[in-house]
Amino acid sequence: MSLAFAKCFDPNGARFGIPTYPWRLAPDGYATRRQLRARGLRPGGQPIAAQVLRPRYRRGPLTAYLYRIDRAKKVRPMTAAKWAALAKANTARRTCPKCRTDAGYVIPTSLGMCVPCAYPDEEQHAA
């Protein structure tokens, strides 16, 4: 058993307070939030059941929290109001505040406006 593996293996939770497993070696029945979402599930208010650690050099380990699959609930479906709010938010992210047109892409926050408005001189030279 490698030293990195031994530092991350605590199935009883004596060292970290919750059961801890090395990266990619969690037992069946546990899943991360993303894995639950891929199955159409959500944690549903349950506490963190275990964690997975991945050791790294010169930094602290990466941690992924695990939830019990049998206690997970189904994802709530999107309502018409939520879809409308999401569409409105995305439209706002695509509208240039300077020229008030739909840029056709999400405007970069570093520019704060569409590319033609941010660099008007370069567009004239390209033509």
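Numerical summary
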item: The listed residue being in a loop (DSSP other than H, G, I, E, B) and within 22 Å of the chain's Cα centre (by Cα), out of ARG93, ARG59; result: ARG59
item: Selected residue (criterion: nearest to LYS7 (Cα to Cα)) from residues of region 64-77 that are open to solvent by 60 Å² or more (accessible area, probe 1.4 Å) and assigned to a strand (DSSP E or B); result: TYR65
item: Residues (surrounded by fewer than 15 Cβ atoms within 10 Å (Cβ to Cβ) and either in a strand (DSSP E or B) or on the phi < 0 side of the Ramachandran plot (or both)) located in region 19-32; result: LEU25, PRO27, ASP28
item: Pairs, first assigned to a helix (DSSP H, G or I) in region 110-126, second at pLDDT 70 or above, C-beta under 6 Å, six or more apart; result: CYS117/CYS96; CYS117/LYS98; CYS117/CYS99; ALA118/LEU111; GLU123/PRO116
item: Index of the failed condition, ALA87 passing every other in (1) under 30 Å from ALA118 (Cβ atoms); (2) surrounded by 14 or more Cβ atoms within 10 Å (Cβ to Cβ); result: (2)
item: Test: LEU36 is open to solvent by less than 70 Å² (accessible area, probe 1.4 Å) and either in contact (Cβ under 8 Å) with a residue 40 or more places away in the chain or not in a loop (DSSP other than H, G, I, E, B) (or both); result: yes
item: Residue identified as over 30 Å from ASP10 (Cβ atoms) and open to solvent by less than 70 Å² (accessible area, probe 1.4 Å) among GLY104, GLY60; result: GLY104
item: Number of positions in region 1-18 that are open to solvent by less than 50 Å² (accessible area, probe 1.4 Å) and among the aromatic types (Phe, Trp, Tyr); result: 0
item: Which numbered condition VAL52 misses (of (1) modelled with pLDDT under 95; (2) more than 30 Å from LEU111 (Cα to Cα); (3) open to solvent by 40 Å² or more (accessible area, probe 1.4 Å)); result: (3)
item: Search result, residues across region 62-90 that are under 23 Å from TYR30 (Cα atoms) and more than 21 Å from the chain's Cα centre (by Cα); result: ASP70, ARG71
item: Selection status of GLY44, on the phi > 0 side of the Ramachandran plot, touching a Pro at 6+ places or on another chain (Cβ under 7 Å) and modelled with pLDDT under 95; result: no
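The values are calculated or read from the model by the stated rules, or taken from the named source; none is laboratory data. These numbers were taken from a predicted model, which means no experiment stands behind them. For neighbour counting, all protein chains shown are included, and Cβ atoms are generated from backbone atoms with ideal geometry for every residue, glycine included. The accessibility values were calculated without ligands, DNA or RNA, using every heavy atom of the protein model including side chains. Shrake-Rupley method; radii C 1.70, N 1.55, O 1.52, S 1.80 Å.
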